[in-house]
Every structure is written in structure tokens, then in C-alpha cells.
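Undergrad: My structure is below; once you've seen it, I'll send some questions.
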Amino acid sequence: MTATIDPGRLLGNLDTLAGYTSTPGSGVTRLAWSEPWRAAVACLERWGAAAGAAVVMDAVGNVIAELPGADMAAPALVTGSHLDTVPSGGRLDGSYGVVAAWEVLAALQDAGMQLRHPVRAAAFVNEEGIVLPPFTGSRAVAGLIDDEELAALAPVLEQAGLPSMPASIQGWDRVAATVELHIEQGPVLDAESIPIGVVTAVTGQQRGTVVITGRTNHAGTTPMAMRRDALVPAAELVMEVEKLAGPGGCEVATVGRLVLDPGAPNVVPGRVEMSFDLRSVDDRLVLGALAKLRLAAADIARARGVEIAVVAQPATPAVVMDSFVRNTIEAAASAHGLSTRPIPSGAGHDCAIMSALGPVGMIFVPSMEGVSHHESEATPDDALVKGAALLLDTLVALDAADHG
Ligand code: HGY
Ligand code: MN
Ligand code: MN
């Protein structure tokens, strides 16, 4: 008997997860380790148990549901995505790949179908990096969390009520392959009316914070020539970040967060924090952009008489998807009568981190009008169901192929 996706269960579970938000009526806000995140975890625990899977939460908050394989020695086939969202985000980013992964388990269970490899569904924690630097969960299973980061994690996990942190985080053993199903979050598939994107590479990214320190003062009594206003140099730097994207530079460069201190209309701001997010599928371009940002900051600091510190987070390297996994996705799509196109991912994904443990591949379905990280994020139901069915058959094909 072959396993098939249950569309009602898939779409119903997606609706259920969308209800776990701290901003009802304003998109989905389910930050890592928050109350809504805990409620969503409880759902995954129930759904996983109903699918006959062993469900655990690991030391950092990843939820893992696994069906045993017929071959006890075979490495796991992994699928999943992230359970956390950006503030007032959409109902599909991350959630879709998680619900589809759990649906794969349920479909195999319904069909009484046991694969040779264990099938491991993962809901990774803090992929978005709103609470702490991104990809906490996938970097933990890849064994990439060092002691310093572990120390920073401990109070956050304790506050979220997770059991006390171990002295170190043991990553997983090698896996047979990881396949992540995700919405494109960009405009290409929708514009070209193509149902499936087969990801070629996931972008590299460099995030960080710039702190501009001037001097807080009275907006009415401080002569312009005597000011050390922190916001004006920040504004100049925002324009410099935009210039880092373009020919010979990054694909994209963004300032998404700007915090003024004290932030009162009649006070010259003495301190500004601004974020930066630089991305390219060529890591050298990201490195070059960061160097240019540092130079621009130093020039502006001198000209404006303020201090500017550029604090970079650890960079996430670009990752090329495994060609065998890509071909397997293509072949399964063709068997489903689905047209595909190769597509790079401008968004970061846990799947890229999982390349540390074995071959990786990603399946995209269209995002209507390319919108994401916003409550209007949408994909037609039939496209969501087709994507999940393709994920299931890709995993079954990888199981038979013994790659990885
Ligand atoms: O920001 C990203 O690339 C993804 O949504 N985490
Ligand atoms: Mn996202
Ligand atoms: Mn995502």
C-alpha cells in the first residue's frame, strides 16, 4: 500500500498552528520559547504520538518526532522546518514545512508503510533569530553551538521552562538526507505560474548591529554646531547599507530595525542601534560588503564626531543543494505531473545548516505576489497539498535509493 497525504489533516493542522500567536488579528507572532510556541509544541507532541512516532524535545527546544526504520543501522531521513515566526508574520513560513513533515509521518502510519531508514520530523527552534542569533535549533543538532553561545542560551531556556542545560550540546549523527519543504517567500514561482521550485542554493547571510553613540541633549537649546546627534550619522549609514547591494555587491542589504535613545521628539538622540542584514549566494560578496560597511562607519564617525561600533553576528555561509537530492525531487515532481524550475533561495533555512550532517535539498511552493514575513503571506491550498505530496514521495524515493 502506498502512503498518501490527507489534505484535510494537512490544511486543518496548518490552521490550528496559525492560531498560536501573541498578536491575534495581526499575523502570526510565535517567537521561539514563547507561550504560543509552547502551545504549538504541545500540538506537535499530540500529532506525533497519534502518528505512532516517538516524540521528544531536545535541550534547546527542537521537537523531534521519529518513526523507526526497518534497518536499525540506517541513518535517519530528516524533514522539517521551524516553528517560530517573525513578529506579525505569516501562517506558512516554517509552519508549512513542520506540518508537512508531521503529515509525512501520519501518512506512512496510515498506510502501515515502514521505510528502510528512520523518518525524523523536526520542528527547529529560533530559526528566525528574533530572540537570539538565528538557526539555534538546527545549529544545535549540527553540533555548532559553542560554550559561549550555550551560556547565552541558558537563561533564555530556563525562563521558557526548559529543563536545565547540559554542559554541552551533542549534535546528531550523520543523516541520510534532509529535505525541507517551504514557501518560496519570493515572487518567481507565482509570476511564472510554476508549481514547484527545486532549490539550487540557499543564500549566505551576515547579520549584525551598528551602535552609534553621540550625546543626548535638549532639542531647543543645543545649537546645531554643538550637537553630537546619533541619528543623522545613522541615517547616512542606512543609505550606505543600501549601496552594498547591486552589481559587484550583495544581492540584498537591509536595515530592518532602528532604535533611538531616548526617542523623544524634543531630545537630540544620543544613541542609535541599527540592524544590518547582508546576503548573497557568494560568501565573498558578503565579506566584501561587511568590510565596506566598516569603512563607511569609520568615515561617518570621524565626520560627525560620534562613535560607531559595527558588531557582526557569526556569518551563515551559502550552501549549494545536493545534486542527487535535487534530481530525486525533479523525478518525483515529474511523476506527479508537476512542472518545476531551479531557484536560488534568498531566505535562509535550517536545511542549509543541516548540510553539516548530510545531503540536503529543498522544495518550494509559490508565495502569492511573493509576499512573506507579513500576515498577507499566502499560497493556494492545492499548491500546499501538492508540495506535501511531493515531499512524501521524495522521501520514499530517497529511502529506496540509499543516497547519503
Ligand atoms: O530571514 C530569513 O532568511 C528566514 O526567513 N529566516
Ligand atoms: Mn522567515
Ligand atoms: Mn522560513
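Undergrad: Can you grab the distance from the C-alpha centre of segment 1-42 to the C-alpha centre of segment 189-242, Å, no decimals?
TA: Answer, in whole Å: 32.
Undergrad: With springs only between Cα atoms under 10 Å, which of 178, 221, 16 fluctuates most in a Gaussian network model of the chain?
TA: For the chain, modelled as a Gaussian network with Cα springs under 10 Å, the answer is 221.
Undergrad: Can you give the accessible area of residue 6, probe radius 1.4 Å, in Å² rounded to 10?
TA: Accessible area of residue 6: about 60 Å².
Undergrad: Could you work out the relative contact order of the chain? I mean the mean sequence separation of Cα pairs under 8 Å and 6+ apart, divided by the number of residues, in percent.
TA: 22 percent
Undergrad: Excluding ligands, DNA and RNA, what is the solvent-accessible area per residue of segment 204-312 at a probe of 1.4 Å, expressed in Å²?
TA: 53 Å²
Undergrad: Okay, next question. Quick one: Debye curve from the C-alpha atoms of segment 99-201, no solvent, what's log10 I(q)/I(0) at q = 0.15, 0.20 Å⁻¹?
TA: Each listed q maps to, in turn, -0.88, -1.15.
Undergrad: How much of residue 57 can a 1.4 Å solvent probe reach, expressed as accessible area in Å² and rounded to 10?
TA: Using a 1.4 Å probe on the heavy atoms, I get roughly 60 Å².
Undergrad: Tell me, what is the 1.4 Å probe accessible area of residue 169, in Å² to the nearest 10?
TA: 30 Å²
Undergrad: For the chain, report the translational diffusion coefficient in µm²/s to the nearest whole number, using Stokes-Einstein at 10 °C, 1.306 mPa s, and a Kirkwood Rh over Cα pairs.
TA: For the chosen part, D equals 72 µm²/s.
Undergrad: Starting from the Cα of residue 16, move 7 Å in the Cα-to-Cβ direction to define the label point; list residues of segment 121-146 whose amide nitrogen is under 19 Å from there.
TA: It comes to 121-124, nothing else.
Undergrad: Here's another thing I want to ask about it. At a 1.4 Å probe radius, carbon and sulfur cover how many percent of the accessible area of the chain?
TA: 56 percent
Undergrad: Stretch residue 209-residue 147 to full length: gain in nm at 0.36 nm per residue minus the Cα-Cα span?
TA: 20.1 nm
Undergrad: While we're on this one: Using alpha-carbon positions, what is the distance between the centroids of segment 330-388 and segment 104-172, in Å?
TA: When both Cα centres are located, 21 Å separates them.
Undergrad: Which three numbers, in whole Å and largest first, are the semi-axes of the equivalent ellipsoid of segment 246-397 derived from its Cα gyration tensor as √(5λ)?
TA: Three semi-axes, in Å: 41, 20, 12.
Undergrad: Looking at segment 1-149, send over the antiparallel percent of its DSSP beta bridges, to the nearest 5.
TA: 60 percent
Undergrad: Per residue of the chain, what 222 nm ellipticity follows from adding -39500 (n - 2.57) for every DSSP H run with n ≥ 4, rounded to the nearest 500?
TA: Helices in the chain give a 222 nm mean residue ellipticity of -11000 deg cm²/dmol.
Undergrad: Rounded to the nearest whole Å², what accessible area per residue is found for segment 340-397 with the 1.4 Å probe?
TA: Value returned for segment 340-397: 31 Å² of accessible area per residue.
Undergrad: While we're looking at this one, here's another question. Starting from the Cα of residue 335, step 7 Å along the direction of its Cβ; do the same at residue 284; then give the gap between the two resulting points in nm.
TA: With each label point 7 Å from Cα toward Cβ, the separation is 4.0 nm.
Undergrad: Take every DSSP beta bridge with both residues inside the chain and express the antiparallel ones as a percent of the total, to the nearest 5.
TA: If we restrict to bridges inside the chain, about 65 percent are antiparallel.
Undergrad: Test of understanding: in a Gaussian network model of the chain with alpha carbons linked when under 10 Å, which of 264, 111, 39 would top the mean-square fluctuation ranking?
TA: Its mean-square fluctuation being the largest, the pick is 264.
Undergrad: Please list the equivalent ellipsoid semi-axes of segment 204-312, computed as the square roots of five times the alpha-carbon gyration tensor eigenvalues, in descending order and whole angstrom.
TA: 29, 13, 10
Undergrad: With springs only between Cα atoms under 10 Å apart, run a GNM on the chain and tell me which of 204, 161, 19 wobbles the most.
TA: Maximum fluctuation in the GNM of the chain, among the listed residues, is at 161.
Undergrad: Rg and Dmax of segment 42-123, Cα atoms, in Å?
TA: 12.9, 43
Undergrad: Now, a different point. Can you give the extra length, in nm with one decimal, that the chain gains between residue 327 and residue 218 once fully stretched, where that is 0.36 nm per residue apart less the Cα-Cα distance?
TA: 32.8 nm
Undergrad: As I understand it, the dipole of segment 204-312 uses +1 on the Cβ of Lys and Arg and -1 on the Cβ of Asp and Glu, about the Cα centre. Which of 225, 245, 214 lies farthest toward its positive end?
TA: Checking the options against the dipole of segment 204-312, the answer is 225.
Undergrad: At 7 Å along Cα-to-Cβ for each site, give me the label-to-label distance between residue 299 and residue 154 in nm.
TA: 4.4 nm
Undergrad: Only four residue types carry charge here, +1 at the Cβ of Lys and Arg and -1 at the Cβ of Asp and Glu. Report the dipole size of the chain about the Cα centre in Debye, rounded to the nearest 20.
TA: The calculation lands at about 1040 debye.
Undergrad: What accessible area per residue comes out for segment 33-127, rounded to a whole number of Å², with a 1.4 Å probe?
TA: Counting only protein heavy atoms, the per-residue value for segment 33-127 is 28 Å².
The values are calculated or read from the model by the stated rules, or taken from the named source; none is laboratory data. Everything quoted here is computed from the prediction, not taken from an experiment. Counting neighbours? That spans all protein chains shown, and the Cβs are built from the backbone with ideal geometry, glycine included. These accessible areas exclude ligands, DNA and RNA; they are computed on the full protein's heavy atoms, side chains included. Shrake-Rupley method; radii C 1.70, N 1.55, O 1.52, S 1.80 Å.
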